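First up is the structure itself, then whatever we jot down about it.
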Amino acid sequence: MHGGVSFTPYREQFNQLMGKKIQYLELYNASEGFFAAQDIPSGEGMLMFADHGIFMEFMPIEEYGKAEPRTIGLLDVEIGQNYALVISTNGGLWRYLVGDTIQFTCLEPFRIKVSGRVRHFINAFGEEVIVENTDKAIAIASAKTGAVVNDYTAAPVYFSDQSNGAHEWLIEFEKEPTDLQEFTTELDKALQSLNSDYEAKRYKNIALRQPIIRKLSKGIFTSWLKNKGKLGGQHKVPRLSNDRIYIEEILSFTT
């Protein structure tokens, strides 16, 4: 069992550990409640528990951060849209923002998948990249280059007089790709195929140039978490950030 992060980037690593492909079941629970569980092993999405003492509201992600954000009920949700989950429970929580973003994969019955965190995204140039995009891109690039990724984080590189913007990635590999440039190219291509906004910003390098990838020595992420008093438990490395605070802190541990 594992918790707290998407399994997507680690699937190939687990297949290698097991020696064969096995079935994985995804559950969506937290300290605040049990929200959904996968009921069809081969299907996408988890069956939502709409009758387990939790009243759920769904905040369109563009409403997040507003003084009076709008929420909707199950009647109005749409497949493929990102929502922040808001809950009220018989345990005493009232309109509590869980912090996750979800997408509906089916409306009859209601099935969902976790797409990221409300604070973990990159939209410095209008590319609207979310954790679901980057997890899948990492998995695709790893499969195509034979790499195995332990952990990663990414943040924007802002415009300067010398160059346009980019995304900078810090990646700790369990197994490094033979050619890091090939891995970078495959990651970039995968992101463009998964996110049309990113693809538009990458067009002819007008807004975004190719990603910058830096290989980290094993243990750098662990050292950073330990330094912040967040080693162990459900603490994890933030996948994405719309500023450079995390990435600059982590880079300081490489020296």
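Here are the numbers:
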quantity: Order of exposure, largest accessible area first, which applies to Glu68, Glu44, Glu57 with probe 1.4 Å; calculated: Glu68, Glu44, Glu57
quantity: Value at 222 nm in deg cm²/dmol, rounded to 500, when DSSP H runs of n ≥ 4 in the chain each add -39,500 (n - 2.57); calculated: -7000 deg cm²/dmol
quantity: Cα-only Debye scattering, region 1-107: base-10 log of I(q)/I(0) at q = 0.10, 0.18, 0.20 Å⁻¹; calculated: -0.34, -0.97, -1.13
quantity: Accessible surface ranking that places the most exposed of Lys215, Lys144 first, with a 1.4 angstrom probe; calculated: Lys144, Lys215
quantity: Amide H partners (placed H, <5 Å) of Ser115, local residues excluded; calculated: Thr101, Ile102, Gln103
quantity: Within a Gaussian network of the chain (alpha carbon springs, distance under 10 Å), most fluctuating of Leu208, Leu216, Leu17; calculated: Leu17
quantity: Max mean-square fluctuation residue, GNM over the chain, Cα-Cα springs under 10 Å, options His167, His235, His120; calculated: His235
quantity: Taking the chain and dividing mean pair separation by its residue count, relative contact order in percent (alpha carbons under 8 Å, at least six apart); calculated: 16
quantity: At most 13 other Cβ within 10 Å, DSSP loop - chymotrypsin sites (Phe, Trp or Tyr not before Pro), region 38-126; calculated: Trp94
quantity: Per residue accessible area of the chain, 1.4 Å probe, in Å²; calculated: 54
quantity: Alpha-carbon centroid distance for the pair region 17-96 / region 138-158, whole angstrom; calculated: 26
quantity: Long-range HN-HN contacts of Leu216 with modeled amide H, under 5 Å; calculated: Ile171, Glu172, Phe173
quantity: Accessible carbon and sulfur surface of the chain relative to its total accessible area, %, 1.4 Å; calculated: 50
quantity: For the chain, with +1 on Lys and Arg beta carbons and -1 on Asp and Glu, the positive-most of Leu240, Trp94, Thr222 along the dipole; calculated: Thr222
quantity: Gaussian network model of the chain, springs between alpha carbon atoms under 10 Å - residue of Ile245, Ile213, Ile61 with greatest fluctuation; calculated: Ile245
quantity: Glu182 accessible area, assembled protein chains, probe 1.4 Å, Å²; calculated: 80
quantity: Convex hull projection area averaged over all views, region 134-250, Cα basis, nm²; calculated: 7.7
quantity: Arg209 - accessible surface, heavy atoms, 1.4 Å probe, Å² rounded to 10; calculated: 70
quantity: Largest to smallest accessible area among Leu251, Leu191 [probe 1.4 Å]; calculated: Leu251, Leu191
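The values are calculated or read from the model by the stated rules, or taken from the named source; none is laboratory data. What you are looking at is a predicted structure, and each value in this text was computed from that prediction instead of being measured. Neighbour counts are summed over all protein chains in view; Cβ atoms, including those assigned to glycine, are modelled from backbone coordinates with ideal geometry. For the accessible areas, the whole protein counts, side chains as well, though only heavy atoms, and no ligand, DNA or RNA atoms are used. Shrake-Rupley method; radii C 1.70, N 1.55, O 1.52, S 1.80 Å.
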